[in-house]
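First comes the structure, then the notes that go with it.
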Amino acid sequence: MLDQPYDDRDGWIWIDGKMVPWREAKIHVLSHGLNYASAVFEGTRAYGGKIFKCEEHTARLFYSAETLRMKIPYSQDEVNAATREVLQKNNLGDAYIRPLVWRGPEQMGIAGLKTQTHIMIAAWFWPSYFTPEQHERGLRLMMANWQRISAKAAPIHAKASGLYVTSTMAKQEADALGYDDALVLDHRGHVAEATVANIFFVKNGELHTPTPDAFLDGITRQTVLELAARRGIKVHIRTILPSELGDFDGCFLTGTAAEIAPVGEIAEHRYKLGDLVRGLMQDYAAEVRK
Ligand code: PMP
């Protein structure tokens, strides 16, 4: 199942209010969303049949759509209900859920304001973005040769498909060179995040994480900040420079798909998986199944 192409699977996908057989979930090639990346999406997870932070993901989907001037023709409650329906209809307990909103093919002009806004929700079994072996040895990250762009160049707080060209390029390069992922700097050369996950560092029992002013402020990042506060761990949200990478003892990534993933190295710098990160991983695993 896991290796099967995504268009050739059994199951149901919710599109514009209807459950459609998986293989029939298609769009026209002249869709504005496909031509110009006028699309926004979410990545959500369910654990044991319960969707973790469903409302928060739906709220972010609406925020992202509004940012791109797309009006989703459903309420947030309706989208939450549809997300649960997709999980049930596909008999999924632990799952990754992908809601996507895109502009249709009514208009080819770049503004696209006369297009219809479509929405779909798909879900499938997907255990973890990184394998247990990668977690155990710690991820190996290279320094990406691509940068996150400034908030003046694109709506960087929206989860907009167009922004993912940077992630795609950086991850392709990491894969080609035998790394697990890449550390992406922002346009000023500050440490930003990995390709699809935020980043935290550990030093002397405290956490350091970049200020989210040039990248997505992830929902998992926010959960980890809550979990750290519960444990009384001090967190420094600040500008982090690449020249500091050698100063930290530990490092991990956070994301809905990646969950909490320990990093073992970034370029020539090495990190250990200590008790602080193990504790947060346990807390996170408990929190998502609460
Ligand atoms: N940054 C990027 C670029 C991402 O794609 C993701 C995954 N959505 C994240 C950070 C982490 O966000 P979240 O914790 O909300 O999944």
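Of note:
- A single entry from Arg23, Arg45, Arg69 fulfils the requirement of being basic (Lys, Arg) and within 16 Å of the ligand (Cβ to nearest atom): Arg45.
- Of residues in segment 223-239 being within 15 Å of the ligand (Cβ to nearest atom) and free of Cβ contacts under 8 Å to residues at least 24 places away in the same chain, the one farthest from the chain's Cα centre (by Cα): Glu226
- Residues that are over 30 Å from Thr67 (Cβ atoms) and either out of contact with any strand residue (DSSP E or B) (no Cβ under 6 Å at 6 or more places or on another chain) or modelled with pLDDT under 95 (or both), drawn from segment 134-156: Gln134, His135, Glu136, Arg137
- Check on Val191, touching a Gly at 6+ places or on another chain (Cβ under 8 Å), more than 9 Å from the ligand (Cβ to nearest atom) and within 23 Å of Gly250 (Cβ to Cβ): no
- So Val79, is it hydrophobic (A, V, I, L, M, F, W, C), modelled with pLDDT of 95 or more and either farther than 18 Å from Trp14 by Cβ or part of a strand (DSSP E or B) (or both): no
- For segment 177-185, the criterion of being in the same structural domain as Pro155 (by TED's automatic domain parsing), surrounded by fewer than 22 Cβ atoms within 10 Å (Cβ to Cβ), over 15 Å from Met143 (Cβ atoms) and touching a strand residue (DSSP E or B) at 6+ places or on another chain (Cβ under 7 Å) is satisfied by no residue at all.
- Contact map, segment 249-262: residues that are of a type in the set (A, V, I, L, M, F, W, C) paired with residues that are part of a loop (DSSP other than H, G, I, E, B), Cβ distance under 6 Å, separation 6+ or inter-chain. Pairs shown: Cys251/Tyr271; Leu253/Ala194; Leu253/Ala197; Ala257/Gly43; Ala257/Tyr129; Ala258/Tyr129; Ala258/Ala197; Ala261/Phe130.
- Considered as a group, the residues in segment 165-191 that are acidic (Asp, Glu) and touching a residue at least 12 places away in the same chain (Cβ under 8 Å) include one that is farthest from Pro210 (Cα to Cα), and that residue is Glu173.
- Counting only strands (runs of 3 or more DSSP E) that fall entirely inside segment 210-282 and contain at least 3 residues that are assigned by TED's automatic domain parsing to the domain that holds Arg140 and in contact with a helix residue (DSSP H, G or I) (Cβ under 9 Å, 6 or more places away or on another chain), the qualifying elements are 250-255, 259-266.
- Hey, Asp175 more than 9 Å from the ligand (Cβ to nearest atom) and among the acidic types (Asp, Glu) or not: yes
- Positions within segment 144-164 being surrounded by fewer than 16 Cβ atoms within 10 Å (Cβ to Cβ) and closer than 22 Å to Phe130 by Cβ, in sequence order: Asn145
The values are calculated or read from the model by the stated rules, or taken from the named source; none is laboratory data. Computed from a prediction, not measured in an experiment: that's the story for all the values here. Note: ideal-geometry Cβ built from the backbone for every residue, glycine included; neighbour counts use all protein chains shown.
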